[in-house]
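Here's the structure, in structure tokens; my notes come after.
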Amino acid sequence: MRLEYTERQKKFRAEVREWMAANVPKQALTSFDTKEGFAQHRAWEAKLNEGRWSAVTWPKELGGRSCDLIDWLIFEEEYWRAGAPLRVNQNGVFLLAPTLMEYGTDEQKARFLPRMAAGEDIWAQGWSEPGAGSDMAAIRTKAILEGDHYVINGQKTWSTRAVFADWCFGLFRTDPDSQRHHGLTFILLPLNLPGITIRPIKQLNGLPGFAEIFFDNVRVPAANRLGAEGQGWNVAMATAGFERGLMLRSPARFQKTAQNLVALYQRHREHADRDPSIRDAVLKSWMDAEAYALSTYQTASRLVRGGHIGPEASTNKIFWSELDLLMHETAMRILGARGELMPEAPEAAESAPWLDGFLFAQAGPIYAGSNEIQRNIIAERMLGLPRA
Amino acid sequence: MDFTFTEDQLSLSDAIHKFLMVEAAPELLREIWETESGRSAEMRAKLADQGLTALSVPEAYGGMGLGDLDWVLIQQELGYYAIPDSLTATAYLAVYLSKALPEDSKLKAHWLPKIADGSARIAVGHPINPFVADAANASLLLLWHADELHALRPSEATLTLNPSIDSSRRLYRVQWTPTDKTRVCGAEQGRELWQGVINRAGVAISAQLLGLAQRMLDLGTDYAAQRKQFGKPIGSFQAVKHHLADVAVKIEFARPVVQRAAQSLATGHPRASLHVSHARLVAGEAARLAARKSIQVHGAMGYTWEADLQMFMKRAWALDSTWGDAIFHKARIAEFVLAEGAALGPAETFTH
Ligand SMILES: Cc1cc2nc3c(=O)[nH]c(=O)nc-3n(C[C@H](O)[C@H](O)[C@H](O)COP(=O)(O)OP(=O)(O)OC[C@H]3O[C@@H](n4cnc5c(N)ncnc54)[C@H](O)[C@@H]3O)c2cc1C
């Protein structure tokens, strides 16, 4: 065990820090759930890519830096430390890309990855359907092979950023007679194909952060299939594994929030200390954010040495989503009667980011496999308890 | 940056795990409760045979010369099996104190070899604890007085037993008079040494609490898989599953905190005290939750003297407030986090 960075790692950190200091926009970008904000964030992805920072864990020949997971953690720490924008292409870069590298043909990698890294294609995910939420194997949207095209009919929903995104990846039922997780295929498709209708859905904050996608005889070339036909469930599980595992939420994000929470508490301490449970929640927030970082470093160290992520990855999702709720609830308690102000309110400068985060924290225990589903997985696969 | 243990470290703790599985069965622990000292010469001999009494004694004194990081995995096992022995006070804390003394110190030359071979039992007392555990059957008491370190025989003190809810513990109120003769080290060096003792006890207890939490989770899981109601194992009911899954989450995120604290002691990290207090708090939380959830899953059976769960719950409840309760440890966290210009936020986890 050695809990110090090597000289090379320190140099790498210094390089990231320097680049971020010179390039992170001084003024916060507009939310990427608006047209204007989406364009700003796309431009930021392009800028990151110019510095070869948009996908540091990818191989060099694909535009990355072949960073290992420890380097990735260092990068993320500097990224969040610098207050850099949210990643509008995170579903592509962190979720689809690892799957593409594992299951994609060379041609597919060359076709999709460089454009993804540059922010030229922003990706949405298409798993959920009206009848298939937690129970993803209930997917019904059909993709029937006709010659060298799939013809897609049906509906996806809750697709994050699909309102403005360019491409979508997801699971479709290619064998109409199949049941459950059989007969599903992983398909990549551009969202501007004829027959696709996108209906934005407003989220809690009033912005169209996700959308329904309707398919009416949409023709997608068979070359857009990822992995073998009928093997989509396994390919998708790889994506879900990465998502639950490490890359979806790096610890730096929560450490930054915890740090901001301590600062908020310090500014309002005289008032806040009248309720001692607030101080306790602030300290717990810092401790849990550190614990999440330590746990991630430990997992990353194991993976760097050739280990694997097992079902214990399901504990991550629960831990960070509950931590995120704790931190934002605590901030709202400190802000008291000013917490409710909308961002445009003249006196909302301090509180608005907390309200925004508080709203988004409500979704954490729901998306990416609800926390109840994660607990089922822990109980059945980690502890070995019998299925219902 | 490498947050992993070596093969040697892992195989040693694995060997101890397998050894204690056979040699420290709950029935045996119950027999040891019934003895006056609460300790067993056979158990001690077995631990010594495994090299545990010699673990961090320097090689020059007949030991293995290992350190804080080696201890942490072993302590997890001692917790998992609720080992009733003054091993930690003797072979970890007293060794740490002795090692810091000058070469010509009698404590060192006389006691280190005896600790290594398993023949000595040493009790360590500091006012952070109202009582001294295992004072009566100790060969030597190492006691705090005004930041000094004193050494005396139990016969030179008045000991009053205060029974604990944990049937394996033997707590004593110790009354004694410090003299020049008992003083082993002055306050100046002593202050730092006692800080080191509190931190090492802290890592040992955190690791034991982790082990205890894991044991209680395992007991709850086994019970839930076997016990049937409504024609099914109760472990197939989701409410029961989720109780146990919550414990697994707590353990998963306490473990790295505890192991990092051990490494901070091993490397003399300037924030070691902070790391230890963090470890104590999260490990305590994991163990308390494990106790609560495991007893719930056991139903009335969990509320009995007969069910083994009690020995792990009670050990956890007792240890959780020893060598600094949550009030003490949270104050150390607050001191760091709420200081002006504290190094918080991303990129500070491993800074000095
Ligand atoms: C902000 C946000 C972004 C999202 N982005 C995307 C996206 O980009 N692409 C996409 O495909 N989907 C996306 N989703 C959808 C998300 O994956 C689903 O919401 C999630 O899988 C839960 O499905 P559901 O909403 O249908 O809830 P349901 O499955 O109906 O669940 C409702 C409640 O019942 C509980 N429940 C259901 N089944 C069980 C069970 N077996 N045991 C115990 N409890 C159970 C759930 O935990 C939950 O509390 C997003 C959701 C949110 C909130």
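The values are calculated or read from the model by the stated rules, or taken from the named source; none is laboratory data. Predicted model only: the values in this text are computed from it and were never measured. Positions of Cβ are generated from backbone atoms using ideal geometry, with glycine treated the same way; all protein chains shown enter the neighbour counts. Areas reflect the complete protein model, heavy atoms only, side chains present, ligands, DNA and RNA absent. Shrake-Rupley method; radii C 1.70, N 1.55, O 1.52, S 1.80 Å.
Find the accessible area per residue for the range B:179-242; the probe is 1.4 Å, ligands and nucleic acids are left out, and the unit is Å².
44
Roughly how many percent of the accessible protein surface of the range B:210-352 is carbon and sulfur, given a 1.4 Å probe and a whole-percent answer? Don't skip to the end; give the middle numbers.
Details: 2900 of 5340 Å².
Carbon with sulfur: 54 percent of the solvent-accessible area.
Would you work out which of B:LEU112, A:PRO130, B:LEU87 lies farthest towards the positive end of the dipole of the protein assembly as shown? Charges go on Cβ: Lys and Arg +1, Asp and Glu -1.
Farthest towards the positive pole: A:PRO130.
For the range A:59-67, just list the computed ³J(HN,Hα) in residue order, Karplus coefficients 6.51, -1.76 and 1.60, θ = phi - 60°, integers in Hz, with x standing in for Gly and Pro.
Each residue's phi maps through the Karplus curve to give x, 4, 5, 9, x, x, 10, 6, 6 Hz.
Using only the Cα atoms of the range A:124-230, construct the convex hull and provide its projected area averaged over every direction, in square nanometres to one decimal.
Values: hull surface 25.2 nm².
With the hull built on Cα positions only, its mean projection is 6.3 nm².
Using label points projected 7 Å from each Cα along Cα→Cβ, tell me how many nm separate B:GLU335 and A:ARG199, to one decimal.
Label at B:GLU335, label at A:ARG199, 6.1 nm between them.
Averaged across orientations, what area in nm² does the convex hull of the alpha carbons in the range A:7-88 project? Intermediate values should be presented prior to the final figure.
Details: hull surface 21.3 nm².
The orientation-averaged projected area of the Cα hull of the range A:7-88 comes to 5.3 nm².
Which far-off residues, 5 or more places away or on another chain, put their amide H under 5 Å from the one on A:GLN203, with H placed in the peptide plane?
Here A:GLY209, A:PHE210 satisfy the definition.
Could you rank the peptides A:146-154, A:92-100, B:206-214 by their average count of other C-beta atoms within 10 Å per residue, with the highest value first?
Details: A:146-154: 15.7, A:92-100: 24.2, B:206-214: 29.1.
So the peptides A:146-154, A:92-100, B:206-214, ranked by packing, come out B:206-214, A:92-100, A:146-154.
Starting from the Kirkwood Rh over alpha-carbon pairs, what translational D in µm² s⁻¹ does the range B:94-210 have by Stokes-Einstein at 4 °C and 1.567 mPa s? Please report the intermediate quantities before stating the final value.
Working: Rh = 14.8 Å.
So the translational diffusion coefficient is about 88 µm²/s.
Just to be sure I understand: if you take the accessible area of chain B alone plus chain A alone and subtract the pair, with a 1.4 Å probe, what total do you get in Å², rounded to 100?
Numbers: alone 16310 and 18980 Å², together 30410 Å².
Separately minus together, B and A give about 4900 Å² buried.
Tell me, what ³J(HN,Hα) does each residue in the range A:95-104 have, in order and in whole Hz, if you take phi through Karplus 6.51 cos²θ - 1.76 cosθ + 1.60 with θ = phi - 60° and put x for Gly and Pro?
Once rounded to whole Hz, the list reads 9, 6, 4, x, 5, 4, 5, 7, 10, x.
Ranking request for peptides B:44-52, A:299-307: highest mean number of other beta-carbon atoms within 10 Å first, then the rest in descending order.
Values: B:44-52: 18.7, A:299-307: 15.6.
Put in order of decreasing packing, that is B:44-52, A:299-307.
Convex hull over the alpha-carbon atoms of the range A:198-321: what's its volume per residue in Å³?
On the way: hull volume 20.4 nm³, N = 124.
So the per-residue Cα hull volume is 165 Å³.
Over all alpha-carbon pairs in the range B:36-76, figure out the percentage whose distance exceeds 12 Å.
Values: 520 of 820 pairs.
The share of Cα pairs beyond 12 Å in the range B:36-76 comes to 63 percent.
Below 22 Å, Cα to Cα, which lysines can A:LYS156 reach? Residues fewer than 8 away in the same chain don't count.
A:LYS35, A:LYS142, A:LYS202
Report, by chain and number, residues whose modeled amide H sits under 5 Å from the one on A:THR157, excluding near sequence neighbours (fewer than 5 apart, same chain).
Result for A:THR157 returns A:SER128, A:GLU129, A:ILE213.
Taking a probe of 1.4 Å, how large is the accessible area per residue of the range A:7-88, in Å²?
48
Just name one of B:GLY190, B:VAL297, B:SER206: the one whose Cα is farthest towards the positive end of the charge dipole of the range B:190-336 (beta-carbon charges, Lys/Arg +1, Asp/Glu -1).
Sorting the options by dipole projection puts first B:VAL297.
With the alpha-carbon atoms as the only input, what is the per residue convex hull volume for the range B:190-336 in Å³? Spell out each step's value before the answer.
On the way: hull volume 15.0 nm³, N = 147.
Looking at the range B:190-336, the number lands at 102 Å³ per residue.
What fraction of the Cα pairs in the range B:7-188, stated in percent, has a spacing above 19 angstrom?
Of all Cα-Cα distances in the range B:7-188, 58 percent exceed 19 Å.
How far is helix B:7-23 tilted, in degrees, relative to the longest principal axis of the Cα atoms in chain B, given as a value from 0 to 90 rounded to the nearest 10?
Orientation of helix B:7-23: about 70 degrees from the principal axis.
For B:ARG292 and B:THR160 in the same chain, what is the full-extension length gain: residue separation times 0.36 nm, less their Cα-Cα distance, in nm? Each step should come with its number before you reach the end.
Details: separation 132, 0.36 × 132 = 47.52 nm, distance 3.20 nm.
Between B:ARG292 and B:THR160, full extension yields 44.3 nm more.
What percent does the relative contact order of the range A:7-88 come to when contacts are Cα pairs within less than 8 Å and at least six residues apart?
Details: 82 pairs, mean separation 29.0, N = 82.
It rounds to 35 percent for the range A:7-88.
When each pair of different Cα atoms in chain A is counted once in the 1/r mean, what is the Kirkwood radius in angstroms, to one decimal?
On the way: mean 1/r = 0.0451 Å⁻¹.
That comes to 22.2 Å for chain A.
Find out how many positive minus negative residues lie around A:ASP166, taking Lys and Arg as positive, Asp and Glu as negative, among other residues whose Cβ is under 11 Å from that of A:ASP166. Show your work: numbers first, answer last.
Working: positive: A:ARG42, A:ARG115, A:ARG161; negative: A:GLU120, A:ASP121.
With Lys, Arg at +1 and Asp, Glu at -1, the neighbours total +1.
Within the range A:286-308, whose backbone N sits under 18 Å from a point 7 Å along Cα→Cβ of B:GLU7?
A:302-308
Compute the distance from the alpha-carbon center of the range A:332-346 to that of the range B:117-153, in whole Å.
Spelled out, the Cα-based centre of one part sits 56 Å from the other.
Taking every pair of distinct Cα atoms and averaging 1/r, then inverting, what Kirkwood hydrodynamic radius in Å comes out for chain B? Write down the numbers at each step before the final one.
Numbers: mean 1/r = 0.0477 Å⁻¹.
Over chain B, the inverse of the mean reciprocal pair distance is 21.0 Å.
Please list, ordered by chain and number, the residues whose modelled amide H lies under 5 Å from the amide H of B:ILE122; skip anything fewer than 5 residues away on the same chain.
Here B:THR90, B:SER139 satisfy the definition.
Please go through the residue pairs A:LYS317/B:LYS330; A:LYS256/B:LYS250; B:LYS232/B:LYS293; B:LYS106/B:LYS181 and name each one whose alpha carbons sit more than 24 Å apart in this structure.
Details: A:LYS317/B:LYS330 26 Å; A:LYS256/B:LYS250 22 Å; B:LYS232/B:LYS293 20 Å; B:LYS106/B:LYS181 12 Å.
Among A:LYS317/B:LYS330; A:LYS256/B:LYS250; B:LYS232/B:LYS293; B:LYS106/B:LYS181, the Cα-Cα distance tops 24 Å for A:LYS317/B:LYS330.
Through the Karplus equation 6.51 cos²θ - 1.76 cosθ + 1.60, θ set to phi - 60°, convert the phi angles of the range A:122-133 into ³J(HN,Hα) values in whole Hz; use x for Gly and Pro.
9, 9, 10, 10, x, 9, 5, 10, x, x, 9, x
By how many nm would the segment from B:ASP14 to B:ALA326 lengthen if fully extended, with 0.36 nm per residue of separation less the alpha-carbon distance? Spell out each step's value before the answer.
Numbers: separation 312, 0.36 × 312 = 112.32 nm, distance 3.06 nm.
Using 0.36 nm per residue and subtracting the Cα-Cα distance, I get 109.3 nm.
Quick one: which bits of the range B:1-42 get at least 30 Å² less accessible when the partner protein chains are in, versus the chain alone, with a 1.4 Å probe?
The answer is B:MET1, B:ASP2, B:PHE3, B:THR4 - residues whose exposure falls by at least 30 Å² when every protein chain is included.
Straight-line reach from B:LYS46: which aspartates and glutamates fall under 13 Å, measuring Cα to Cα and dropping same-chain residues less than 8 apart?
Result set, ordered by chain and number: B:GLU23, B:ASP85, B:ASP117.
Working from Cα positions, state the angle (0 to 90°, nearest 10) between the long axis of helix B:68-80 and the longest principal axis of chain B.
For B:68-80 against chain B, the angle is about 50 degrees.
If you fit an axis through the alpha-carbon atoms of helix A:232-242 and take the longest principal axis of the Cα set of chain A, what angle between them do you get, 0 to 90°, nearest 10?
The angle comes out near 10 degrees.
Please give the calculated 222 nm ellipticity per residue for chain B, where each DSSP H segment of at least 4 residues contributes -39500 (n - 2.57) and the sum is spread over every residue; nearest 500 deg cm²/dmol?
Working: 11 runs with 178 residues, N = 352.
Computed ellipticity for chain B at 222 nm equals -17000 deg cm²/dmol.
Return the calculated 222 nm mean residue ellipticity for chain A, to the nearest 500 deg cm²/dmol, obtained by summing -39500 (n - 2.57) across DSSP H runs with n ≥ 4 and dividing by the residue count. Provide the component values of the computation, followed by the final result.
Working: 12 runs with 168 residues, N = 388.
Computed mean residue ellipticity for chain A: -14000 deg cm²/dmol.
Please report, to one decimal in angstroms, the Kirkwood hydrodynamic radius of the range A:1-158 built from all distinct Cα-Cα pairs.
Working: mean 1/r = 0.0561 Å⁻¹.
Answer for the range A:1-158: a Kirkwood hydrodynamic radius of 17.8 Å.
Taking the Cα centroid of the range A:1-55 and of the range B:15-60, what is the distance between the two, rounded to the nearest whole Å?
A separation of 54 Å, based on Cα centres.
Whole number in Å², please: accessible area per residue of the range A:124-230, 1.4 Å probe, ligands, DNA and RNA not counted. Intermediate values should be presented prior to the final figure.
Values: 4650 Å² over 107 residues.
Ligands and nucleic acids excluded, the figure is 43 Å² per residue.
If you take the beta carbon distance between A:LYS47 and B:GLU36 as r and set R0 to 51 Å, what does 1/(1 + (r/R0)^6) give as a FRET efficiency, to the nearest 0.05? Numbers along the way, then the final one.
Values: r = 75 Å, r/R0 = 1.47.
For A:LYS47 and B:GLU36, the calculated efficiency is 0.10.
What accessible area, in Å² to the nearest ten, does a 1.4 Å probe give for B:ILE83?
Counting only protein heavy atoms, B:ILE83 exposes about 10 Å² to solvent.
Could you list the square roots of 5 times each eigenvalue of the Cα gyration tensor of the protein assembly as shown, that is, the equivalent ellipsoid semi-axes, sorted largest first and rounded to whole Å? Mind showing how you got there, number by number?
Working: eigenvalues 552, 167, 112 Å².
Rounded to whole Å, the semi-axes are 53, 29, 24.
Using only alpha carbon pairs under 8 Å that are at least six residues apart, calculate the relative contact order of the range A:249-382 and give it in whole percent. Walk me through the intermediate numbers first.
Details: 116 pairs, mean separation 37.3, N = 134.
Once divided by the residue count of the range A:249-382, the mean separation gives 28 percent.
Ignoring ligands, DNA and RNA, what percent of the 1.4 Å accessible area of the range A:249-388 is carbon and sulfur?
Numbers: 3240 of 5990 Å².
Carbon with sulfur: 54 percent of the solvent-accessible area.
Give me the net charge for the shell around B:ILE16: Cβ to Cβ below 12 angstrom, other residues only, Lys and Arg +1, Asp and Glu -1.
Working: positive: B:LYS18, B:LYS46; negative: B:ASP14, B:GLU23, B:ASP49, B:ASP70, B:GLU77.
It works out to a net charge of -3.
Using Cα-Cα distances under 8 Å and only pairs 6 or more residues apart, what relative contact order does the range B:236-352 have, in percent?
Details: 83 pairs, mean separation 31.2, N = 117.
About 27 percent, as a whole number.
Rank-order B:26-39, B:247-260, A:45-58 by packing density, defined as the average count of other C-beta atoms within 10 Å over each peptide's residues, highest first. Show your work: numbers first, answer last.
Working: B:26-39: 14.5, B:247-260: 25.6, A:45-58: 19.5.
Result, highest mean Cβ count within 10 Å first: B:247-260, A:45-58, B:26-39.
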